[in-house]
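Structure first, commentary second.
Readers should treat all values here as calculations from the given coordinates under stated rules, not as data from a laboratory. The shown structure was predicted, so the numbers you read here are calculated from the model rather than taken from an experiment. Glycine gets a Cβ as well: all are built from the backbone with ideal geometry, and neighbour counts include every protein chain shown.
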Amino acid sequence: MNTSRKTKRILIPALISGTLLWSSFSFAHCDSLDGPVIEDAREALNEQSLKPVLKWVGTEDEDQLKIAFQSTMEVRSLDPKARELADQFFFETLVRLHRATEGAPYTGLQPAGSASVAAKAADKALADGAVDALAQKLGDNVTKFVLTQFHKVRKGADAETVAEGREFVENYVRYVHSIEEIHNIIADEHVGH
């Protein structure tokens, strides 16, 4: 396994799984049926206008979204079942194109309520216009995470057996790469979704 893949295997769960934030874990947010993308998609369908959703896709995908929207609008008028299927098609197309814009794979629409606690907190802070409590919680949890990882590495620094040495190296790699990733996120050098 190359270093980058091993780093991701160790780091991504630590950063995203709630170790840093909360105990809830989920990648779903933009692909959640109650997430911001679908919320805007419903608005677009109700207003019969793409304006609410164009921001979610890149310019290179606008034509594809327009075609999907036109088809959806035509089919919606047939009957309730056709409307439901057409809406689903539009939601899936929009989310797939949005995820591609983020450089993330499309894995299907997720059920309402599947967004992570962290994503919900971020959205709530935006809705409330106040981020201080969220920033404080993030800072406290990052500090706790860094301290825990630091002490795990320090504790294993005097490993006497090969097995203990390997455990030390695994903790060391997780610690150093976590610090690098946190730094990159803060410095806006983070790549990927």
Hz values of 3J(HN,Hα) by residue in segment 32-42 - Karplus curve (6.51, -1.76, 1.60), Gly and Pro given as x: 7, 5, 10, x, x, 5, 5, 4, 5, 5, 4
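Counting other Cβ atoms within 10 Å, keep those with at most 10, restrict to DSSP loop, and tell me which GluC sites (Glu not before Pro) in segment 113-183 are left. Don't skip to the answer; put the middle values down first.
Working: sites: E160, E164, E167, E170, E180, E181; in loops: E160.
Answer by residue number: E160.
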Efficiency of FRET between A82 and D123 - r from beta-carbon atoms, R0 30 angstrom, step 0.05: 0.40
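In segment 96-193, how many lysine pairs have Cα atoms under 26 Å apart, counting only pairs 8 or more places apart or on different chains?
Working: K120/K137; K120/K144; K124/K137; K124/K144; K137/K152; K144/K152; K144/K155.
Within segment 96-193, the lysine pair count is 7.
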Rounded to whole Hz, the Karplus (6.51, -1.76, 1.60) HN-Hα couplings of segment 56-71, x for glycine and proline: 7, 10, x, 4, 5, 9, 4, 4, 4, 5, 4, 5, 4, 5, 4, 4
Estimated dipole of segment 29-140 in Debye, rounded to 20 [Cβ of Lys and Arg +1, of Asp and Glu -1, Cα centre]: 140
Residues with amide H under 5 Å from that of S32, placed H, sequence gap 5 or more: Q110
Summed side-chain charge close to V117 - residues other than V117 whose Cβ falls under 13 Å, Lys, Arg +1, Asp, Glu -1: +2
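Using a Förster distance of 30 angstrom, determine the FRET efficiency expected from the C-beta separation of T101 and E74, and round it to 0.05.
0.70
Could you tell me whether segment 63-166 comes out rounded, prolate or oblate from its Cα gyration tensor? Rule is a ≥ b ≥ c as square roots of the eigenvalues, rounded for a/c under 1.5, then prolate if a/b exceeds b/c, otherwise oblate.
Verdict is prolate for segment 63-166.
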